[in-house]
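The values are calculated or read from the model by the stated rules, or taken from the named source; none is laboratory data. Just so it is clear, the model here is predicted, and its values are computed rather than measured. Neighbour counts are summed over all protein chains in view; Cβ atoms, including those assigned to glycine, are modelled from backbone coordinates with ideal geometry. Side chains are part of the model used for accessible areas, which takes the heavy atoms of the whole protein and leaves out ligands, DNA and RNA. Shrake-Rupley method; radii C 1.70, N 1.55, O 1.52, S 1.80 Å.
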Amino acid sequence: MAAAGSLAAGASRADANRCRFIPGNRAGHYESYFLRANEAGRARAFWIRYTFFSPAGQPQLALGEVWALWFDGEQRRIMALKNQFALADCVIGTGAPDLLIGHAHLSATCLAGSASGPGHSIAWALGYDAPHPPLLLPASMYDGRFPQAKALVGAPGALFSGQVAGFDDAPEVFLECSTACLRWGVLRSPQMSLVVLRIGALALSLNSITQALRTRARIDGFTWDIDARADGVRIEIRIDAPRDAFAGLHYANPPGGIKTCLNSKLASCSMTVSLRGEPARRYGSRHGAAFELLTDRNEHGVTILA
């Protein structure tokens, strides 16, 4: 689950996951909440997303969106559906989250709804437990305008009746990472990479600005390598997936234009964690990793499904 907005140090999950969208604001806004799970031991996963989108300067065109993706690696099939609703058909409740977009609801403990398209439909009614606190950027960075777009894992390691997105034979291990460049008009920052890792009670947050600039990352096609080092810590990560494990999705941008998200929930991940004075720990997931690439390019060869 992810949302953009203000998050004070030590904030609760409710503070982190409250909706920041203000209907009528002319500044433009994009806010998404999403959950996903991988079936234990199988190459199958779902991804459900609830979104508010308001184009800059045109708040009257704001709308709610419900996305549903089903990844079936065993049948080599991906289904992607998106339904849009007028803002009059959406409700922002008092909980965190507490959203109704069309007939699809999301709360802090359950989600229910459906999405349909020509010849296809996906319906869900799921309860979930969120055992860990939110993570990704340092908490202090959610208070200001830098970076303007913020990512937050609001319910890391969420459990759906025994399903968990984790490493094979190590469900207590949770990894979240990102690589991006920030833009200010025509200016562009160097590449920055964030890594947050939890191994049971051990939390390793290599996510400060200086650390993000120091971490090395390389994306080559559909392979992503990260080498993050701090005092006494080294985390080496490789995430990859074949082209046919990705769904192509078009994301509207509040200032205008369209981005393409190449989205897979069946990627493999191998990770080595080296801590000073300890033997290296190795973890792997055959098809339980999420891998998303946001791009302006169109020669990727991935079919656009929504």
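General observations
- Residues that are modelled with pLDDT of 95 or more, within 20 Å of the chain's Cα centre (by Cα) and of a type in the set (A, V, I, L, M), drawn from region 48-98: Ile48, Val66, Ala68, Leu69, Ile78, Met79, Ala80, Leu81
- Among the residues making up region 11-61, those that are among the aliphatic types (A, V, I, L, M), surrounded by fewer than 21 Cβ atoms within 10 Å (Cβ to Cβ) and outside any helix (DSSP H, G or I) are Ala11, Ile22, Ala27, Ala40, Ala43, Ala56.
- Of all residues in region 91-134, those satisfying the criterion of being open to solvent by 50 Å² or more (accessible area, probe 1.4 Å) and β-branched (Val, Ile, Thr) are Val91, Ile92, Thr94, Thr109.
- Residue in region 76-90 that is open to solvent by less than 50 Å² (accessible area, probe 1.4 Å), assigned to a loop (DSSP other than H, G, I, E, B) and of a type in the set (A, V, I, L, M) present: no
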